[in-house]
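Q: Take a look at the following structure, please.
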Amino acid sequence: MASTPSAPAEVLIVDDLEEARWVLSNLVQQAGLAPVAVASGEEALARIRQEAPDVMLLDVRLPDMDGFEVLTRTKAHHKVMPVIMVTAFGKTQDAVRAIRAGAYDYVAKPFSNDDIVLTLRRALEEKALRGQIRHLHDGSGHAAGSLLDSMGKSAAVQHILRQVEQVAATNFSVLVTGETGTGKELVAQAIHAGSPRAAKPFVAVDCGAIPESLIESELFGHEKGAFTGAHHAKAGAFELAGEGTIFLDEIGNLPLAMQGKLLRVLEERKIHRIGSTNERDVDFRVVAATNLDLRAMMDQQVFRRDLYHRLAEFTIFLPPLRERTEDLPFLVNRFLALANQELSKQVGGLSDSAWGLIQRYDWPGNARELRNQLRRAVLLCGDPEEMIAPELLGMLDGRRSPSACLGPGQPEQHCPLNGGSRACPLLTPVALLAAGGSVPLKELVGPMITQVECAILLQALELTKGNKAHAARLLHIDYKTIHSKLKAYEISSTQFRGINAKLLDVES
């Protein structure tokens, strides 16, 4: 390390233009950092061999060697040193290539002074955070720092990581909120990884995927013969998470009757298996997650206020991808690399038009949707090394994907298939053709079928007041199928619950 606790962080500036070196050096110095400027790639590598700086500002175009070569050779020996690439304006492929090669970030010329300083400070802050969390691992070998490797390097992600570090070592109950696909389980795993319970189990329960008739057994267990089909005794999730962490995903979908039983377990730290009169002591840390507005649900009396306050001793909000678009280059390259590895391909990246489409789109399904779109696009690439074209992304040149069908409380466009009462974007064949040029008939018909299916699911939930099991029986499908479809369309059954449920005194 070039800097000490009392010395300013050292910034190595690599640019062949004397004027650029002078401007950047002054800017870095005014920011309270220590600039060191060199004019070539060889000088930069020699300086790094002598004493590695804290961060490097590296121009892509150098007289003696390509900036990417300097980046590769630097990363071979100094993996943790952040490198910020300086690219020409509009050179999208340079930016994408830089991130893929291991650069922390990139800035495009002409850049603003604020952009440079902010990017440098973020890079230094992340480096410090990585140093602090290097020792934190869970039983699977995942470090808390993997949030940075999984979610991105933006200021928003670093803020989330700081919150994780603050609460992990405590025994606080944590409520993680955010839209579908934002990474709530990743955050829960990071909290567990940084806690004194890290060597103990991490047990995840999807409260929205379990039928109401089975949820109590899944959480608290049952004895042999407790009910029809109970041929063996079974430990519930709270017992399985003994001395570890239980993660209650989609907590907003927990039936009202079960909310009271959960509250009692959280308060008393004791459980009763179904069919048993004996109490069992349980030691656990709880992390819950939801994509619903629990405060609004409390006002509607469909979520217990006392349970909310028991779960939300500490809250972490995960912003949607559309509010942290600076993470897009990182995520695109990460997901492309994973898809290439899975499918044994070497897809080179995105065409400029495809990259523009990704930047314009607002990603209602967040990182999960981005990953799925890129994985599908890599699969559809005929040439293993070709660039991804816009039509392979399978989404409209606009704000919503062909498969998007929003649930209640998310009005953006109105679906004529459902009387306009629920949001369900209508994607016309003309719009699809405009987005991709030529599109197979199958891809034109598919979104229309999706819209019809979406509308039918919404109507079934209306009829059953949000009872997913009843809706599944009406549609002659099993519970797992309806749950997966509702999750794919981001429809919450909770918001369809009837007036009778709202009249219950949830504080009793």
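Q: Which is in contact with a Lys or Arg (Cβ under 8 Å, 6 or more places away or on another chain) and in contact (Cβ under 8 Å) with a residue 24 or more places away in the chain, of V14, V83?
A: V83
Q: OK, next. Can we say R280 is over 27 Å from the mean Cα position of the chain (by Cα), assigned to a strand (DSSP E or B) and at pLDDT 90 or above?
A: Criteria met by R280.
Q: Within region 20-131, which helices (runs of 4 or more DSSP H) (wholly inside it) include 3 or more residues that are touching a Gly at 6+ places or on another chain (Cβ under 7 Å)?
A: Ranges flagged: 67-77.
Q: Give the residues of region 185-209 that are within 20 Å of G252 (Cα to Cα) and open to solvent by 20 Å² or more (accessible area, probe 1.4 Å), sorted by residue number.
A: Scanning region 185-209 gives E185, L186, Q189, V203, A204, D206, A209.
Q: With respect to E223, is the statement that it is open to solvent by 50 Å² or more (accessible area, probe 1.4 Å) and either acidic (D, E) or over 22 Å from P364 (Cβ atoms) (or both) true?
A: When the stated conditions are applied, E223 does not pass them.
Q: Something else now. Working only within region 61-85, note down all residues that are in contact with a strand residue (DSSP E or B) (Cβ under 9 Å, 6 or more places away or on another chain), β-branched (V, I, T) and either surrounded by fewer than 23 Cβ atoms within 10 Å (Cβ to Cβ) or under 22 Å from D149 (Cα atoms) (or both).
A: Scanning region 61-85 gives T74, V83, I84.
Q: Look at region 321-380 and say how many of its residues are more than 18 Å from L186 (Cβ to Cβ) and of a type in the set (F, W, Y).
A: Residues flagged as more than 18 Å from L186 (Cβ to Cβ) and of a type in the set (F, W, Y) within region 321-380 amount to 2.
Q: Can you work out which of the residues in region 462-472 that are open to solvent by less than 20 Å² (accessible area, probe 1.4 Å) and part of a helix (DSSP H, G or I) is nearest to V302 (Cα to Cα)?
A: The selected residue is A471.
Q: Which of the residues belonging to region 341-368 are in contact with a Gly (Cβ under 6 Å, 6 or more places away or on another chain) and either among the β-branched types (V, I, T) or assigned to a helix (DSSP H, G or I) (or both)?
A: N366, A367, R368
Q: Could you list, in sequence order, all residues of region 283-341 that are open to solvent by 20 Å² or more (accessible area, probe 1.4 Å), over 24 Å from the mean Cα position of the chain (by Cα) and in contact (Cβ under 8 Å) with a residue 24 or more places away in the chain?
A: The answer is D283, Q300, Q301, R304, R305, D306, R310.
Q: Scan region 234-277 residue by residue and report those that are β-branched (V, I, T), part of a helix (DSSP H, G or I) and either in contact (Cβ under 8 Å) with a residue 60 or more places away in the chain or open to solvent by 30 Å² or more (accessible area, probe 1.4 Å) (or both).
A: I251
Q: Right, another one. Name the residue, out of Q459, Q410, that is at pLDDT below 50 and open to solvent by 40 Å² or more (accessible area, probe 1.4 Å).
A: Q410
The values are calculated or read from the model by the stated rules, or taken from the named source; none is laboratory data. Nothing here was measured: the structure is a model prediction, and the numbers come from that model. Methodologically, a virtual Cβ is constructed for each residue, glycine included, from the backbone with ideal geometry; neighbour enumeration extends over all protein chains shown. The accessibility values were calculated without ligands, DNA or RNA, using every heavy atom of the protein model including side chains. Shrake-Rupley method; radii C 1.70, N 1.55, O 1.52, S 1.80 Å.
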